[in-house]
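Participant: Encoded as structure tokens, here's the structure I'll be asking about.
The values are calculated or read from the model by the stated rules, or taken from the named source; none is laboratory data. Treat the numbers as computed from the prediction; the structure is a model and nothing was measured. In this analysis, Cβ positions are derived from the backbone assuming ideal geometry, glycine residues included, and neighbour counts consider all displayed protein chains.
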Amino acid sequence: MGIETEFRAIVVDRTENAEGKKAQSAALRVVDDGFLMPGDVTIAVDYSSINYKDGLALMGRPGVVRAWPLIAGIDLVGTVEQSADPRWSVGDPVILNGAGLSESHHGGLAERARVSGDFLVRLPQGISAVQAAAIGTAGFTAMLSVIGLERGGVTPESGTVLVTGAAGGVGSVAVVLLAARGYQVHASTGRIDELGDYLRGLGAVELVDRATLSEAGKPLQGQRWAGAVDSVGSVTLANVLAQTNYGGTVTACGLAQGADLPATVMPFILRAVSLIGINSVEAPLPQREEAWRRLATDLDLSLLDHLTQVIPLEAAFDAAAGILAGTVHGRTVVDVRR
Ligand SMILES: NC(=O)c1ccc[n+]([C@@H]2O[C@H](COP(=O)([O-])OP(=O)(O)OC[C@H]3O[C@@H](n4cnc5c(N)ncnc54)[C@H](OP(=O)(O)O)[C@@H]3O)[C@@H](O)[C@H]2O)c1
């Protein structure tokens, strides 16, 4: 294999000791094109990003990677290098979020990728490659969540909306998107002292201490929210549902507090609250294209730049540890060529 086909990649591998105990770990490696999986489109990757799931994969935690060895990274942004798919040509700038990346197919934390053309989205005019990576799965999910609220009939006139996990990737972009649409956004965070100014800068009009939502509460509570974007799950989501106005809509995409949902049916049957699930990974192409179209028109890119930091490939491990420890905020882009 020629040297020109070699590229750097963060590879997750799994080992099994004599007792059958499995351990997963990730390392920066040099691999070549022979390592790539089948796919119609080969991409020169420029950027990936660090989402919560990337934190899990890079720190050797189970639950994301399901085939080994596998290149990590649930996002990629790059340029088509070769294509056997008539929809894509050499030189096309493309985005891929989820769709099995870093789960069953090699992901974006590498200088090259070979994927199916089925879930690729063209980089929208006006968004740079680094900004598309800053949006990444987190921002795409935030957009899907906002679209979910809109479909649920939540308008800026309906009342206040809540974003939980607000300083995180999904939360930060959701605050920006909702505030720009004219919603009164309250942001729930565990870091009011440290990041209150940051969240107000993104457009939050009030901050909610997440501790007020994280302990079990009554099945129905005072009505506070016309809608909510939740990335936290568990007791927090149960309390948010219990505080949602009659006819309101809540979207659920995450499990930062936990995967459980210790709620009752009361908000649904007595207040006609709707709970909408968001799954970015398997979102069909038309939904992806709609969300990226909306991101191109709705997202304030200067605020996006403000909430983004760009790091080189080998710094992805520290960023992964940071996202699991809850010490990073906003979005972290990985420049895979640096
Ligand atoms: N369904 C999907 O398609 C989809 C897509 C993307 C992400 N997700 C999920 O959504 C969640 C957020 O992802 P992300 O990439 O935005 O991660 P992130 O950047 O780590 O954000 C998560 C935020 O949740 C808050 N948080 C963390 N631990 C908490 C706890 N124990 N109790 C309450 N709040 C807590 C923190 O916000 P504060 O510091 O402000 O409190 C943290 O910044 C993850 O669970 C992720 O797996 C799902």
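Participant: Taking segment 74-87, which residues are part of a loop (DSSP other than H, G, I, E, B) and crowded, with 20+ Cβ neighbours inside 10 Å? First the steps, then the outcome.
Facilitator: Just the residues of segment 74-87 that are part of a loop (DSSP other than H, G, I, E, B), to begin with: 74, 84-87.
ILE74 - this is the single residue of segment 74-87 that is part of a loop (DSSP other than H, G, I, E, B) and crowded, with 20+ Cβ neighbours inside 10 Å.
Participant: Of all residues in segment 208-251 being within 10 Å of the ligand (Cβ to nearest atom) and more than 15 Å from ALA166 (Cβ to Cβ), which is surrounded by the fewest Cβ atoms within 10 Å (Cβ to Cβ)?
Facilitator: Across segment 208-251, the extreme among qualifying residues is VAL235.
Participant: A further question on this structure: Scan segment 146-164 and give yes if some residue there is within 15 Å of the ligand (Cβ to nearest atom), farther than 30 Å from GLU6 by Cα and small (Gly, Ala, Ser), otherwise no.
Facilitator: yes
Participant: Would you mind finding the one in SER145, SER128 that is of a type outside the set (D, E, K, R) and assigned by TED's automatic domain parsing to the domain that holds ALA187?
Facilitator: On the way: SER128 fails: assigned by TED's automatic domain parsing to the domain that holds ALA187.
None of the others qualify; the one that does is SER145.
Participant: Among (1) within 14 Å of the ligand (Cβ to nearest atom); (2) of a type outside the set (A, V, I, L, M); (3) in a helix (DSSP H, G or I); (4) surrounded by fewer than 18 Cβ atoms within 10 Å (Cβ to Cβ), where does TYR198 come up short?
Facilitator: So the condition that TYR198 fails would be (4).
Participant: Report whether or not LEU70 is outside the structural domain of ALA319 (by TED's automatic domain parsing) and touching a His at 6+ places or on another chain (Cβ under 7 Å).
Facilitator: On the way: outside the structural domain of ALA319 (by TED's automatic domain parsing): no; touching a His at 6+ places or on another chain (Cβ under 7 Å): yes.
Spelling it out, it is not the case that LEU70 is outside the structural domain of ALA319 (by TED's automatic domain parsing) and touching a His at 6+ places or on another chain (Cβ under 7 Å).
Participant: Right, next: Which of (1) within 13 Å of the ligand (Cβ to nearest atom); (2) within 23 Å of ALA166 (Cβ to Cβ) is the odd one out, the single condition PRO267 does not satisfy?
Facilitator: Unmet condition: (1).
Participant: Got a number for residues in segment 101-154 being buried (at least 20 other Cβ atoms within 10 Å of the Cβ) and on the phi > 0 side of the Ramachandran plot?
Facilitator: Matching residues across segment 101-154 total 2.
Participant: Something else about it: Out of GLU314, GLU290, I need the residue that is charged (D, E, K, R), surrounded by fewer than 17 Cβ atoms within 10 Å (Cβ to Cβ), outside the structural domain of VAL12 (by TED's automatic domain parsing) and more than 22 Å from ALA226 (Cβ to Cβ). Which one? First the steps, then the outcome.
Facilitator: Details: GLU314 fails: outside the structural domain of VAL12 (by TED's automatic domain parsing).
Exactly one of GLU314, GLU290 is charged (D, E, K, R), surrounded by fewer than 17 Cβ atoms within 10 Å (Cβ to Cβ), outside the structural domain of VAL12 (by TED's automatic domain parsing) and more than 22 Å from ALA226 (Cβ to Cβ), namely GLU290.
Participant: Quick one: in segment 186-195, of everything that is in contact with a strand residue (DSSP E or B) (Cβ under 7 Å, 6 or more places away or on another chain) and not polar (S, T, N, Q), which residue is farthest from the ligand (Cβ to nearest atom)? Explain how you work it out, then say what you get.
Facilitator: We begin by selecting, within segment 186-195, every residue in contact with a strand residue (DSSP E or B) (Cβ under 7 Å, 6 or more places away or on another chain); these are 186-189, 192, 195.
Then drop every residue that is not not polar (S, T, N, Q), which leaves 186-187, 192, 195.
Details: HIS186: 12, ALA187: 7, ILE192: 9, LEU195: 7 Å.
The residue in question is HIS186.
Participant: Go through ALA325, ALA291, ALA296 for me and flag whichever is without any contact (Cβ under 8 Å) to a residue 12 or more places away in the chain and either within 13 Å of the ligand (Cβ to nearest atom) or touching a Gly at 6+ places or on another chain (Cβ under 9 Å) (or both).
Facilitator: Numbers: ALA291 fails: without any contact (Cβ under 8 Å) to a residue 12 or more places away in the chain; ALA296 fails: without any contact (Cβ under 8 Å) to a residue 12 or more places away in the chain.
None of the other options fit; the residue is ALA325.
Participant: In addition: Do you know which residues across segment 2-30 are free of Cβ contacts under 8 Å to residues at least 40 places away in the same chain, assigned to a strand (DSSP E or B) and under 25 Å from VAL334 (Cα atoms)? Show your work before the answer.
Facilitator: Step one: of segment 2-30, the residues free of Cβ contacts under 8 Å to residues at least 40 places away in the same chain are 2-6, 15-23, 25, 27, 29-30.
Applying the additional criterion that residues be assigned to a strand (DSSP E or B) yields 15-16, 22-23, 25, 27, 29-30.
Of everything in segment 2-30, those that are free of Cβ contacts under 8 Å to residues at least 40 places away in the same chain, assigned to a strand (DSSP E or B) and under 25 Å from VAL334 (Cα atoms) turn out to be SER25, ALA27, ARG29, VAL30.
Participant: Going by what's in this entry, would LEU70 be described as on the phi < 0 side of the Ramachandran plot, within 16 Å of the ligand (Cβ to nearest atom) and either touching a residue at least 12 places away in the same chain (Cβ under 8 Å) or of a type in the set (A, V, I, L, M) (or both)? Full working, then the answer.
Facilitator: Working: on the phi < 0 side of the Ramachandran plot: yes; within 16 Å of the ligand (Cβ to nearest atom): no; either touching a residue at least 12 places away in the same chain (Cβ under 8 Å) or of a type in the set (A, V, I, L, M) (or both): yes.
No: the conditions fail for LEU70.
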